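Trainee: After the structure tokens below, expect a handful of questions from me.
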Ligand SMILES: *[C@@H]1O[C@H](CO)[C@@H](O)[C@H](O)[C@H]1NC(C)=O
């Protein structure tokens with residue numbers, strides 16, 4: 001797999017990693033991590049997103065080279081055990097595309113997976129798979145070679161099973177129905193900051209709040225937005241004390257009032273007491289920055305951060321790091 005210099009993900013990657021001295025990386029890798037880490041052996045170096053699947057007792061991870069893996073955690077897991085990734089999805093018809101954000105749609109027993117052409121930004125799609133059989137349930141094409149350049153990045157699912165997919169390139173949101181039909185495209189002036197360089201990586205992590213709205217982050221501006229689905233998809237900028245949340249990537253709600261933002265710094269805990277009209281950054285967690293935190297998930301009440309970069313030879317090892325705030 002080749003990484004493109006134009007891909008938003010790679011731009012962030014270079015930007016952050018080039019600033020980290022090798023000696024620092026070695027010292028961090030050798031030190032005993034301050035919080036619990038699930039390590040797992042993997043077939044690839046880059047894993048963009050991880051979500052905990054409680055019923056299956058496994059982490060599900062997306063492959064930047066395309067595909068999905070499952071990392072089973074045994075009941076009698078001992079903290080030092082290195083787990084193993086098993087490939088569960090590898091679609092030949094999507095070869096050449098990356099798998100990015102994933103969301104467990106528990107009521108429908110399925111996994112939603114964002115698919116995008118990292119190289120040319122000429123293909124974006126959303127796929128759904130049965131969590132028991134891994135049969136593909138639908139593949140919804142969101143954009144193709146004749147559309148504006150786009151980069152489907154992350155996904156959230158609402159109570160009815162509609163999916164919302166962010167476009168990190170053209171800064172819009174695709175709404176996909178429960179059977180994979182493209183319903184609409186959400187656009188707003190608030191999705192595009194005035195400064196051109198802030199649009200290099202645009203809309204990114206997204207979550208669905210049980211009160212009927214979406215919370216989405218714009219990575220380079222650090223803006224956090226609320227999109228009220230009960231009020232005609234009204235878009236508002238959330239005022240964040242201690243923000244903006246620049247370099248925020250994946251999001252996860254850990255309660256209706258608490259949100260974790262993965263990125264750089266590794267994890268930020270954001271709280272709101274007024275239904276996400278305003279919020280504040282209440283804590284930060286520093287993990288292995290050179291591995292680049294890209295997503296957050298909750299396992300048994302604990303927050304784990306996915307890291308994009310695996311390390312090691314011949315076995316590539318990835319780290320799901322517990323974030324303690
Ligand atoms: C991504 O998949 C689509 C659909 O099969 C295909 O047309 C396209 O060529 C793929 N993109 C790349 C970069 O291979």
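Trainee: Quickly run through the stretch 146-161 and pick out the residues that are out of contact with any strand residue (DSSP E or B) (no Cβ under 6 Å at 6 or more places or on another chain) and within 22 Å of residue 213 (Cβ to Cβ).
Mentor: 159, 160, 161
Trainee: Given the conditions (1) more than 19 Å from the chain's Cα centre (by Cα); (2) under 30 Å from residue 319 (Cβ atoms); (3) buried (at least 19 other Cβ atoms within 10 Å of the Cβ), report the number of the one that residue 250 does not fulfil.
Mentor: Unmet condition: (1).
Trainee: Right, next: Would you check which residues across the stretch 101-115 are more than 9 Å from the ligand (Cβ to nearest atom), touching a residue at least 24 places away in the same chain (Cβ under 8 Å) and over 20 Å from residue 40 (Cα atoms) and list them?
Mentor: Those that are more than 9 Å from the ligand (Cβ to nearest atom), touching a residue at least 24 places away in the same chain (Cβ under 8 Å) and over 20 Å from residue 40 (Cα atoms): 103, 104, 105, 106, 107, 108, 110, 111, 112, 113, 114.
Trainee: Going through the stretch 50-74 one residue at a time, which ones are in a loop (DSSP other than H, G, I, E, B) and within 16 Å of residue 39 (Cα to Cα)?
Mentor: Within the stretch 50-74, 57, 73, 74 meet the criteria.
Trainee: Could you list all residues from the stretch 183-219 that are part of a strand (DSSP E or B), out of contact with any helix residue (DSSP H, G or I) (no Cβ under 9 Å at 6 or more places or on another chain) and in contact (Cβ under 8 Å) with a residue 12 or more places away in the chain?
Mentor: Matches in the stretch 183-219: 183, 185, 186, 205, 206, 207, 209, 215, 217.
Trainee: Just the residues that are touching a residue at least 40 places away in the same chain (Cβ under 8 Å) and within 7 Å of the ligand (Cβ to nearest atom), please, taken from the stretch 116-130.
Mentor: 119, 120
Trainee: In addition: Residue 98 fails exactly one of the following numbered conditions: (1) modelled with pLDDT of 95 or more; (2) more than 16 Å from the ligand (Cβ to nearest atom). What is the number of that condition?
Mentor: Result: residue 98 passes all but (2).
Trainee: Is it the case that the stretch 84-98 has a residue that's in contact (Cβ under 8 Å) with a residue 24 or more places away in the chain, in a strand (DSSP E or B) and more than 20 Å from the chain's Cα centre (by Cα)?
Mentor: Checked the stretch 84-98: at least one residue is in contact (Cβ under 8 Å) with a residue 24 or more places away in the chain, in a strand (DSSP E or B) and more than 20 Å from the chain's Cα centre (by Cα).
Trainee: I've got another one for you. Quickly run through the stretch 131-168 and pick out the residues that are part of a loop (DSSP other than H, G, I, E, B), within 16 Å of the ligand (Cβ to nearest atom) and either surrounded by 15 or more Cβ atoms within 10 Å (Cβ to Cβ) or under 18 Å from the mean Cα position of the chain (by Cα) (or both).
Mentor: 149, 150, 151
The values are calculated or read from the model by the stated rules, or taken from the named source; none is laboratory data. Computed from a prediction, not measured in an experiment: that's the story for all the values here. Methodologically, a virtual Cβ is constructed for each residue, glycine included, from the backbone with ideal geometry; neighbour enumeration extends over all protein chains shown.
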